[in-house]
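Chemist: Sharing a structure, written as structure tokens. Questions coming.
The values are calculated or read from the model by the stated rules, or taken from the named source; none is laboratory data. Keep in mind that this is a model prediction, so the values were computed, not measured. Backbone-built Cβ (ideal geometry, glycine too); neighbour counts: all protein chains shown.
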Amino acid sequence: MPEELELPPETRLTRPCLNEALRFLGECDAALGVWGAGGVGKTTVLKQVRDACGLVAAFDHVLLVAASRDCTVAKLQREVVAVLGLRDAPTEQAQAAGILGFLRDKSFLLLLDGVWERLDLERVGIPQPFGVVAGRVRKVVVASRSEAVCADMGCRKKIKMECLNEEDAWRLFEANVGGETIHRHPQIPALARQVAAECNGLPLSLVTVGRAMSSKRTPNEWGDTLDAMKTTKLSSAPGSDKSAHPLVKFCYDNLGSDMAGECFRACALWPEDHNISKDELVQCWIGLGLLPELADVEEAHRLAHSVISTLEAARLVERGDNHRYNMFPSDTHVRLHDVVRDAALRFAPGKWLVRAGAGIREPPREEALWRDARRVSLMHNSIEDAPAKAAAGALADAQPETLMLQCNRALPRRMLQAIQHFTGLTYLDLEETGIVDAFPMEICCLVNLEYLNLSKNRILSLPMELSNLSRLKYFYMRDNYYIQITIPAGLISRLGKLQVLELFTASIVSVADDYVAPVIDDLESSGARIDELGLWLDSTGDVARLARLAPGVRVRSLHLRKLNGARSLPLLSAQHAAEFGGVQEHIKELVFYSSDVEEIVADARVPRLEVVKFGFLTRLRGVAWSHGAASNLREVAIGACHAVAHLTWVQHLPHLESRELVTSPRLRLLALLGLPKLEAIRADGGECAFPELRRVQTRGCPRLRRIPMRPAASGQCKVRVECDKQWWSALQWASDDVKAYFAPVLI
């Protein structure tokens, strides 16, 4: 085990298994199986292997992918493509060819988590055989609950992960409760050991229950907990897949509010092992009405993020593992352990129908399932067919209130036709469902709808009949793939209860001249109050129109493109504060694409700005960002800005502490992609301190040879650097101490 990897208590206990797995990397065996009960720590070991192999082994690519239950070839291909940053292909065969072509001549380590049955990796496109082929090393590590599955996957060498012995279990439990709590009263230590014993040595239970008990400070509370755990305990054998369910139930009951419990259960609507974007989760909770009525959507967002923090602290959700390459990546994800998700679905009301990520190709046909279903999640499947008489069959009597169909990329027309009969729907998610050209008019019949997501489709126009949705509060149409989209005048103003409106195109060419004008004109004439507005602006004229918006319209997100001829962005200019003060006050995300500006001057105060993304600004040479202008900026992404030679402006984000040490207190992600002339973060070669920085992503920056950053305080977490092996090997370091501050993740 490399010294550089510092492990928290729950992961230090996996050291023996990790050491054995790392030895495997240097041996001649091609496949390793890691098996044991759910919650015993298999995923933890795989993540440790991924993080360590950049330091101890020579792989061009390390791929950690979740197979999960009901895994299909297509699902596994999507995981691999996302990790490698490859393009989607139209068929499984074409996708397999693309993966094979990319990996054929490379050394790679494939870490397969959550395998339930034998998978045909050759159909996925993974080069065969494993082992050493033409000087290239190909290895696979398979994690499963079943030893037989590991054997079926060709693993001759296998590691069984056992539950912890009594003393190790106690140390893990104590570390999560906290010594101060346990020793607060002389009677608590003995009770605490009994509570720990009820967890049967299962690490997941020890950590989850330990966190829940960290606030229990009296012997009575500990005694009541012990009684409750003994009463609710299932008859399952220790270490079996269901033995953790009553302990998860205990932690769930201790959340302290029904709202937090409902939000936790809603996390189970996503597929097993899925990395859920926090923004997507918050958007869902608000749309489902799980949060109390607040003054505005921004307050709801703050409350939702505090709930996520509560769930993370209780270990009912885990931090997501989203280290994938895309143009503008985000690191704000969570996931549910599959054992916790199983338990959450058991706690949910019987009126839930959840088949998310189950690999189904048509909706369930059982009438009984649909008849009582109030919340339905069929997201992330391959639904391509529906019963020919769907309206007269299983779906005829269904009256769900929530329907989540997102990421069924070829949803059949018959399914959309059936939806029009779901008149009780208040929440409908059709993101990335293959809607092409015509707007599905069936949606206009859903008069009770409050939440509608039509993002990532190819819709040409919005119909005036959409105004029938008089209760609609949240309307999302991001990344519409068509250049031309028509929005009729008067439509937006007729949606009188609208609170959130996001309209973005995914085209990199141009949008229709009349795309934005009707929206802004409607908002201006009606005096509507919109808590969260997101738009794509395609001209300086569109930007000027923003000055006409009423104070009740709060612009949160803007995507700007082709503002040719503009030396600066008026939205970031203090000189234009009188015109755009409202926008500058509330904007949280600014994306600037495909323009010929050579310099961006940003000196306006933008207190809520958190995310800035620049892409395809081929003439951009520099950004002048004044001190203190964006004190909350946490994410900066720069891609395909070929003339940028340094990023000195990052040091002004916002406080210059000294000539040598610069601080950006909130910056968590720095993505540098496609910057062939970039030679330095700071032109003067000085160092920067980013106390909250967690990730650096680089690709296509061949001249960047130094990462001039160091921790601003002792104990800061390591920064993950996601890059290719050749770039990492060529880096120059001021000292070994500086290098130890970073952990490479080789993609």
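Chemist: So, in segment 589-627, of the ones that are of a type in the set (Val, Ile, Thr) and within 21 Å of Glu692 (Cβ to Cβ), which residue ends up surrounded by the fewest Cβ atoms within 10 Å (Cβ to Cβ)? Walk me through it before giving the result.
Modeler: Looking only at segment 589-627, we keep the residues that are of a type in the set (Val, Ile, Thr), and these are 591, 597, 600-601, 606, 611-612, 618, 623.
From what's left, within 21 Å of Glu692 (Cβ to Cβ): 606, 611-612, 623.
Numbers: Val606: 22, Val611: 19, Val612: 23, Val623: 23.
Ranking the qualifying residues of segment 589-627, first place goes to Val611.
Chemist: Please state which of the following conditions Lys75 fails to meet, knowing it meets all the rest: (1) over 23 Å from the mean Cα position of the chain (by Cα); (2) in a helix (DSSP H, G or I); (3) more than 25 Å from Lys739 (Cα to Cα); (4) modelled with pLDDT under 90.
Modeler: Of the numbered conditions (1) over 23 Å from the mean Cα position of the chain (by Cα); (2) in a helix (DSSP H, G or I); (3) more than 25 Å from Lys739 (Cα to Cα); (4) modelled with pLDDT under 90, the odd one out for Lys75 is (1).
Chemist: Determine which member of the set Val696, Val650, Val662 is among the β-branched types (Val, Ile, Thr) and at pLDDT 70 or above. Before you say what the answer is, go through the steps one by one.
Modeler: Values: Val650 fails: at pLDDT 70 or above; Val662 fails: at pLDDT 70 or above.
Sole residue among the options that is among the β-branched types (Val, Ile, Thr) and at pLDDT 70 or above: Val696.
Chemist: Consider Arg315 carefully, then state whether it is charged (D, E, K, R) and at pLDDT 85 or above. Steps first, answer last, please.
Modeler: Working: charged (D, E, K, R): yes; at pLDDT 85 or above: yes.
Criteria met by Arg315.
Chemist: Hey, another quick one. Within segment 724-743, track down each residue that is closer than 12 Å to Leu704 by Cα and surrounded by 18 or more Cβ atoms within 10 Å (Cβ to Cβ).
Modeler: Trp727
Chemist: For the structure I just gave you, tell me whether Glu180 is more than 23 Å from Arg341 (Cβ to Cβ) and in contact (Cβ under 8 Å) with a residue 24 or more places away in the chain.
Modeler: Details: more than 23 Å from Arg341 (Cβ to Cβ): yes; in contact (Cβ under 8 Å) with a residue 24 or more places away in the chain: no.
No; evaluated as a whole, the condition is false for this residue.
Chemist: Next up: With the structure loaded, tell me whether Ala237 is at pLDDT below 90, among the aliphatic types (A, V, I, L, M), over 25 Å from Thr43 (Cα atoms) and more than 28 Å from the chain's Cα centre (by Cα) or whether it fails that test.
Modeler: Numbers: at pLDDT below 90: yes; among the aliphatic types (A, V, I, L, M): yes; over 25 Å from Thr43 (Cα atoms): no; more than 28 Å from the chain's Cα centre (by Cα): yes.
So Ala237 does not fit the description; no.
Chemist: Can you tell me which residue is surrounded by the fewest Cβ atoms within 10 Å (Cβ to Cβ) among those in segment 262-283 that are in a helix (DSSP H, G or I) and in contact (Cβ under 8 Å) with a residue 60 or more places away in the chain?
Modeler: Initially, segment 262-283 is screened for residues in a helix (DSSP H, G or I), giving 262-269, 278-283.
So of that shortlist, the ones also in contact (Cβ under 8 Å) with a residue 60 or more places away in the chain come out as 264-265, 267-269, 283.
Working: Phe264: 25, Arg265: 20, Cys267: 22, Ala268: 22, Leu269: 25, Gln283: 22.
Only one residue fits best here, namely Arg265.
Chemist: Determine whether Ala190 is surrounded by 14 or more Cβ atoms within 10 Å (Cβ to Cβ) and small (Gly, Ala, Ser). Quick ask: steps written out before the conclusion?
Modeler: Details: surrounded by 14 or more Cβ atoms within 10 Å (Cβ to Cβ): no; small (Gly, Ala, Ser): yes.
Considered against the rule, which asks whether it is surrounded by 14 or more Cβ atoms within 10 Å (Cβ to Cβ) and small (Gly, Ala, Ser), Ala190 comes out as no.
Chemist: Taking segment 428-441 on its own, how many of its residues are touching a helix residue (DSSP H, G or I) at 6+ places or on another chain (Cβ under 9 Å) and surrounded by fewer than 22 Cβ atoms within 10 Å (Cβ to Cβ)?
Modeler: Filtering segment 428-441 for residues touching a helix residue (DSSP H, G or I) at 6+ places or on another chain (Cβ under 9 Å) gives 428-430, 433, 435, 439-441.
Adding the requirement that they be surrounded by fewer than 22 Cβ atoms within 10 Å (Cβ to Cβ) leaves 435, 439-441.
Of the residues in segment 428-441, 4 are touching a helix residue (DSSP H, G or I) at 6+ places or on another chain (Cβ under 9 Å) and surrounded by fewer than 22 Cβ atoms within 10 Å (Cβ to Cβ).
Chemist: Any residue that is more than 29 Å from Ile276 (Cα to Cα), at pLDDT below 95 and not assigned by TED's automatic domain parsing to the domain that holds Ala196 - is there at least one of those in segment 107-116?
Modeler: From segment 107-116, those more than 29 Å from Ile276 (Cα to Cα) are 107; that's our starting set.
The next check asks that each one be at pLDDT below 95; those that pass are 107.
With the extra rule that they be not assigned by TED's automatic domain parsing to the domain that holds Ala196, the set shrinks to 107.
Yes, segment 107-116 contains at least one residue that is more than 29 Å from Ile276 (Cα to Cα), at pLDDT below 95 and not assigned by TED's automatic domain parsing to the domain that holds Ala196.
Chemist: Oh, and also: Can you find a residue in segment 436-452 that is in a strand (DSSP E or B), at pLDDT 95 or above, touching a strand residue (DSSP E or B) at 6+ places or on another chain (Cβ under 8 Å) and closer than 23 Å to Arg494 by Cβ?
Modeler: Filtering segment 436-452 for residues in a strand (DSSP E or B) gives 436-437, 451-452.
Within this subset, residues satisfying the condition of being at pLDDT 95 or above are 451-452.
Filter again for touching a strand residue (DSSP E or B) at 6+ places or on another chain (Cβ under 8 Å), leaving 451-452.
Then keep just the ones that are closer than 23 Å to Arg494 by Cβ; that gives 451-452.
Yes: one or more hits.
Chemist: Taking the condition surrounded by 20 or more Cβ atoms within 10 Å (Cβ to Cβ), over 21 Å from Thr486 (Cα atoms) and polar (S, T, N, Q), does Gln575 pass?
Modeler: On the way: surrounded by 20 or more Cβ atoms within 10 Å (Cβ to Cβ): no; over 21 Å from Thr486 (Cα atoms): yes; polar (S, T, N, Q): yes.
Here the answer is no, as Gln575 does not meet what is asked.
Chemist: How many residues are of a type in the set (Lys, Arg) and either closer than 25 Å to Ala58 by Cα or touching a residue at least 40 places away in the same chain (Cβ under 8 Å) (or both) when one looks only at segment 102-119? Step through it out loud before you land on a result.
Modeler: Going residue by residue through segment 102-119, those that are of a type in the set (Lys, Arg) are 104, 106, 118.
After this cut, where a residue has to be either closer than 25 Å to Ala58 by Cα or touching a residue at least 40 places away in the same chain (Cβ under 8 Å) (or both) as well, the list is 104, 106.
Residues in segment 102-119 being of a type in the set (Lys, Arg) and either closer than 25 Å to Ala58 by Cα or touching a residue at least 40 places away in the same chain (Cβ under 8 Å) (or both): 2 in total.
Chemist: Still on this structure, please answer the following. All but one of (1) modelled with pLDDT under 90; (2) within 30 Å of the chain's Cα centre (by Cα) hold for Asp372; which doesn't?
Modeler: With respect to (1) modelled with pLDDT under 90; (2) within 30 Å of the chain's Cα centre (by Cα), Asp372 is out only on (2).
Chemist: Given (1) at pLDDT below 80; (2) assigned to a loop (DSSP other than H, G, I, E, B); (3) of a type in the set (A, V, I, L, M), identify the lone condition not met by Leu678.
Modeler: Of everything listed in (1) at pLDDT below 80; (2) assigned to a loop (DSSP other than H, G, I, E, B); (3) of a type in the set (A, V, I, L, M), Leu678 misses just condition (1).
Chemist: Collect the residues in segment 246-261 that are at pLDDT below 85 and crowded, with 22+ Cβ neighbours inside 10 Å, keeping them in residue-number order.
Modeler: Leu247, the sole residue that qualifies.
Chemist: Could you figure out which of (1) closer than 28 Å to Leu673 by Cβ; (2) part of a loop (DSSP other than H, G, I, E, B); (3) at pLDDT 85 or above isn't true of Asp321?
Modeler: Only one criterion is unmet by Asp321, namely (3).
Chemist: Next question. Please determine whether any residue of segment 603-620 is outside any loop (DSSP other than H, G, I, E, B) and at pLDDT below 80. I'd like the intermediate steps shown before the answer.
Modeler: Taking segment 603-620 first, the residues outside any loop (DSSP other than H, G, I, E, B) are 611-615.
Next, from what is left, pick out any that are at pLDDT below 80: none.
Checked segment 603-620: no residue is outside any loop (DSSP other than H, G, I, E, B) and at pLDDT below 80.
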